[in-house]
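Colleague: Dropping a structure here in structure tokens format, bear with me for questions.
The values are calculated or read from the model by the stated rules, or taken from the named source; none is laboratory data. Computed from a prediction, not measured in an experiment: that's the story for all the values here. Here the Cβ positions follow ideal geometry from the backbone for every residue, glycine too, while neighbour counts run over all protein chains shown. Each accessible area value is taken on the protein alone, full model and side chains, heavy atoms only, with ligands, DNA and RNA left out. Shrake-Rupley method; radii C 1.70, N 1.55, O 1.52, S 1.80 Å.
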Amino acid sequence: MILPFNIRKYGRSPFTAAVLHGGPGAPGYMAPVARELACTIGVLEPLQTRDSLEGQIAELAEQLTANADRPVTLIGSSWGAVLALFLAARYGNLTDKIILVGSAVFDSDSSAKIEGVRLSRMSADKRRRYEKLRQEFILAPADKRDRVMAEWGHLLDQTDQYHPLPAESEALEVQYDLHTKVWTDFISWRDRPGALKAEFGKITAPVVVIHGEYDPHPLEGIRPFLESCLPYTRFYILPRCGHYPWIEKYACHDFFEILKSELKKNEGRNT
């Protein structure tokens, strides 16, 4: 499936916030967050379509330049949190606040811990299915890899959530090749000593981090790094909350209260 568009709009102008999906390669799943926030402000949902890190940074800059009432608050989930940081480092005039939700980690050791946490939360049957899917990634023809990745993602979602509310995923498609290429680009940045710190050290906007205690992405792979290279960071740690706070029974209310409070602090900046 090729998306016939690369951005959706919620609410009315001015569009002063943008939600960024993760994956990379899973566009659309931030729609519930955009709809909730659109009750009070105009929200953009950029959908990343380019298959390189540099391409996604440039695409996001183009989307915001053409559609946002700048500067905009970026709300990035998982990979989208990392993309928001790259955008802010390159195009500081486009954003005045970055909110990271369930961010990816910024070092290889922390990344390696994630799989162990996920496996520990799986039943024996699900672990066997996990290993089988790992082999299918290698053997599946190109036109079948998106399906394998979708099932893989569904299995991991179950380990990443604490007590999810009943809801269907709103991801529009799953893109294996895009995911692999963009993630490989990021790893080359992450594993080059000092590269990410130097890049994100260019950011002048405040950064807010919202992270669930149950999220398998360890906070120690996020907080020390961000505090070492950013001028201002604020952390909200949500109990009984996994990787996607807006679908969590015990955390979704507090999550949206935090978002709305942080957005309210920016009111009037374009007037």
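Colleague: Mind jotting down the distance between the C-alpha centroids of the stretch 202-254 and the stretch 126-193, whole Å?
Modeller: Cα centroid of the stretch 126-193 versus Cα centroid of the stretch 202-254: 22 Å apart.
Colleague: Which entries of K97/K264; K202/K264; K181/K249 show an alpha-carbon separation above 23 angstrom in the structure shown?
Modeller: On the way: K97/K264 12 Å; K202/K264 25 Å; K181/K249 34 Å.
Pairs exceeding the cut-off: K202/K264; K181/K249.
Colleague: Continuing with the same structure: Counting only Cα, what are the radius of gyration and maximum Cα-Cα distance Dmax of the chain, in Å?
Modeller: 17.7, 57
Colleague: For the chain, what does the helix formula give at 222 nm: sum of -39500 (n - 2.57) over DSSP H segments with n ≥ 4, over the residue count, nearest 500 deg cm²/dmol?
Modeller: Roughly -13500 deg cm²/dmol at 222 nm, from the helical runs in the chain.
Colleague: So, one more: At 7 Å along Cα-to-Cβ for each site, give me the label-to-label distance between K113 and F137 in nm.
Modeller: Taking the two extended label points, one gets 2.1 nm.
Colleague: Same structure, new question: Taking square-rooted eigenvalues a ≥ b ≥ c of the alpha carbon gyration tensor, is the stretch 109-168 rounded, prolate or oblate, where a/c under 1.5 means rounded and, failing that, a/b exceeding b/c means prolate?
Modeller: Details: a/c = 1.85, a/b = 1.32, b/c = 1.41.
Because a/c hits 1.5 or more and a/b fails to exceed b/c, the stretch 109-168 counts as oblate.
Colleague: Given axes a ≥ b ≥ c from the Cα gyration tensor, I'd like to know whether the stretch 44-107 is rounded (a/c under 1.5), prolate (a/b larger than b/c) or oblate.
Modeller: oblate
Colleague: With 16 Å as the cut-off, how large is the P(r) tail for the stretch 47-166, expressed as percent of Cα-Cα pairs?
Modeller: In whole percent, the long-distance tail amounts to 71.
Colleague: Within a Cβ distance under 13 Å of A89, other residues only, what is the Lys/Arg minus Asp/Glu net charge? Provide the component values of the computation, followed by the final result.
Modeller: Values: positive: R90, K197, K202; negative: E54, E199.
Its environment carries a net charge of +1.
Colleague: Over the stretch 185-258, with a single point scatterer placed on each C-alpha, what log10 of the ratio I(q)/I(0) does the Debye formula yield at q = 0.12, 0.14 1/Å?
Modeller: Computed log10 I(q)/I(0) values: -0.40, -0.54.
Colleague: Next up: When the chain is fully extended, how far beyond the present Cα-Cα distance does R90 get from S188, taking 0.36 nm per residue of separation?
Modeller: Difference between extended and current length: 33.5 nm.
Colleague: Along its three principal axes, how long is the stretch 1-67 when you only count alpha carbons? Whole Å, largest extent first please.
Modeller: So the three principal-axis extents are 34, 22, 19 Å.
Colleague: Would you please give the residues with an amide H less than 5 Å from that of L238, counting only those at least 5 places away or on a separate chain, with H modeled from the backbone geometry?
Modeller: Under 5 Å from the amide H of L238: H211, G212, E213.
Colleague: Right, here's the next one. Is any helix in the chain, taking whole DSSP H runs, at least 20 angstrom long along its axis by alpha carbon and on average at least 1.6 on the Kyte-Doolittle scale, and which ones?
Modeller: Qualifying helices: none.
Colleague: Rounded to whole Å, give me the distance from the Cα center of the stretch 43-65 to that of the stretch 105-120.
Modeller: 27 Å
Colleague: Still on this structure, please answer the following. What figure in square angstrom, to the nearest 10, would you give for the accessible area of R223 with a 1.4 Å probe?
Modeller: 90 Å²
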